[in-house]
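The values are calculated or read from the model by the stated rules, or taken from the named source; none is laboratory data. Worth saying up front: this structure is predicted, and the values here are computed from it rather than measured. Heads up, the Cβs are rebuilt from the backbone with ideal geometry, glycines too, and the neighbour counts pull from every protein chain shown.
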Amino acid sequence: MESRNSMTIELKDNERVDDLQRNGYRIIQNPDKFCFGMDAVLLSGFARVKRGANVLDLGTGTGIIPILLEAKTQALHFTALEIQEESADMARRSVLLNHLEDKIDIITGDIKEAGLIFKAASFDVITCNPPYMIGRHGLTNPDAPKAIARHEILCTLEDVVSNAAKLLRTGGSFFMVHRPFRLAEIINVMVKYRLEPKRMQLVYPYVDKEPNMVLIEGCRGGRPRMTVEKPIIVYKAPDIYTDEIYEIYGF
């Protein structure tokens, strides 16, 4: 059990509560299932959310991105969609733990049906940290939560982008973190659904290594013109983050 201000939140087997170093917020996670990673934190730092925005996070997992963005921005409201009920349940309990039930709604549902679940053109900002891997290479259990989070088993890149395009208002912003090896495909799919790529930033684990993440912003119905921002370097030495990463984390 976790208690905060007389509210008791049930913890289930193998769950733990992690400090997010933002506004005193914490998150419930199960390391046997799936824990958020650097990609989610970087996406929360890359996304630009204006005051009063209505925000949707697709495939929210345990709710890390809306919780971090609530701490960092002055958005009006966050909605988060997650297909795995076990993860959605952890996200709901984290929302309660942080007393954010008036700001964040967790919905159990399928990204492929997001365009039916929510009203068209009803969001100002959509974020997504989708499954990166295509095909079944390396999969031992396709039904495992970690496999579903990492591999395109239940949804594809096109599912994510096409539904985001339906749900964003004209001029609204789409923010996604993905893998550089799929960058050509990402840009093609975004342009196909009129989410014009506007900003891109590559993430390198070390200054002398290849990039292993790409952050990208698209504008619904925007004009063609993309800015490539200076790269993010994660580590300056083994297990030692660069100053920029500490700034994003908020330490």
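Within region 177-196, work out how many residues are assigned to a helix (DSSP H, G or I), modelled with pLDDT of 95 or more and out of contact with any strand residue (DSSP E or B) (no Cβ under 8 Å at 6 or more places or on another chain).
Of the residues in region 177-196, 5 are assigned to a helix (DSSP H, G or I), modelled with pLDDT of 95 or more and out of contact with any strand residue (DSSP E or B) (no Cβ under 8 Å at 6 or more places or on another chain).
Please state which of the following conditions M90 fails to meet, knowing it meets all the rest: (1) over 17 Å from I27 (Cα atoms); (2) in contact (Cβ under 8 Å) with a residue 60 or more places away in the chain; (3) among the hydrophobic types (A, V, I, L, M, F, W, C); (4) surrounded by 22 or more Cβ atoms within 10 Å (Cβ to Cβ).
Single failed check for M90: (1).
Out of (1) in contact (Cβ under 8 Å) with a residue 60 or more places away in the chain; (2) outside any helix (DSSP H, G or I), the odd one out for F174 is which?
(1)
Within region 160-188, how many residues are in contact with a helix residue (DSSP H, G or I) (Cβ under 7 Å, 6 or more places away or on another chain) and buried (at least 20 other Cβ atoms within 10 Å of the Cβ)?
9
Among the numbered criteria (1) outside any loop (DSSP other than H, G, I, E, B); (2) more than 17 Å from L20 (Cβ to Cβ), which single criterion is violated by L96?
Checking L96 against (1) outside any loop (DSSP other than H, G, I, E, B); (2) more than 17 Å from L20 (Cβ to Cβ), the one that fails is (2).
With respect to M38, determine if the residue is modelled with pLDDT under 90 and of a type in the set (A, V, I, L, M).
no
With the condition kept exactly as written, say whether any residue in region 52-60 is on the phi < 0 side of the Ramachandran plot, out of contact with any strand residue (DSSP E or B) (no Cβ under 7 Å at 6 or more places or on another chain) and not acidic (D, E).
So far as region 52-60 goes, no, none of its residues is on the phi < 0 side of the Ramachandran plot, out of contact with any strand residue (DSSP E or B) (no Cβ under 7 Å at 6 or more places or on another chain) and not acidic (D, E).
Condition check ((1) in a loop (DSSP other than H, G, I, E, B); (2) modelled with pLDDT under 95) across all residues:
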residue: E86; (1), (2): no, yes
residue: R92; (1), (2): no, no
residue: D102; (1), (2): yes, no
residue: D105; (1), (2): no, no
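Need the failing condition index for V49 against (1) out of contact with any Ser or Thr (no Cβ under 8 Å at 6 or more places or on another chain); (2) in a loop (DSSP other than H, G, I, E, B); (3) in contact (Cβ under 8 Å) with a residue 60 or more places away in the chain; (4) closer than 26 Å to R199 by Cα, just the number.
(1)
Does at least one position in region 196-214 carry a residue that is surrounded by 13 or more Cβ atoms within 10 Å (Cβ to Cβ), aliphatic (A, V, I, L, M) and over 18 Å from S44 (Cβ atoms)?
no
For region 5-22: of the residues being at pLDDT below 90 and surrounded by fewer than 16 Cβ atoms within 10 Å (Cβ to Cβ), which is nearest to V177 (Cα to Cα)?
The extreme case among them is Q21.
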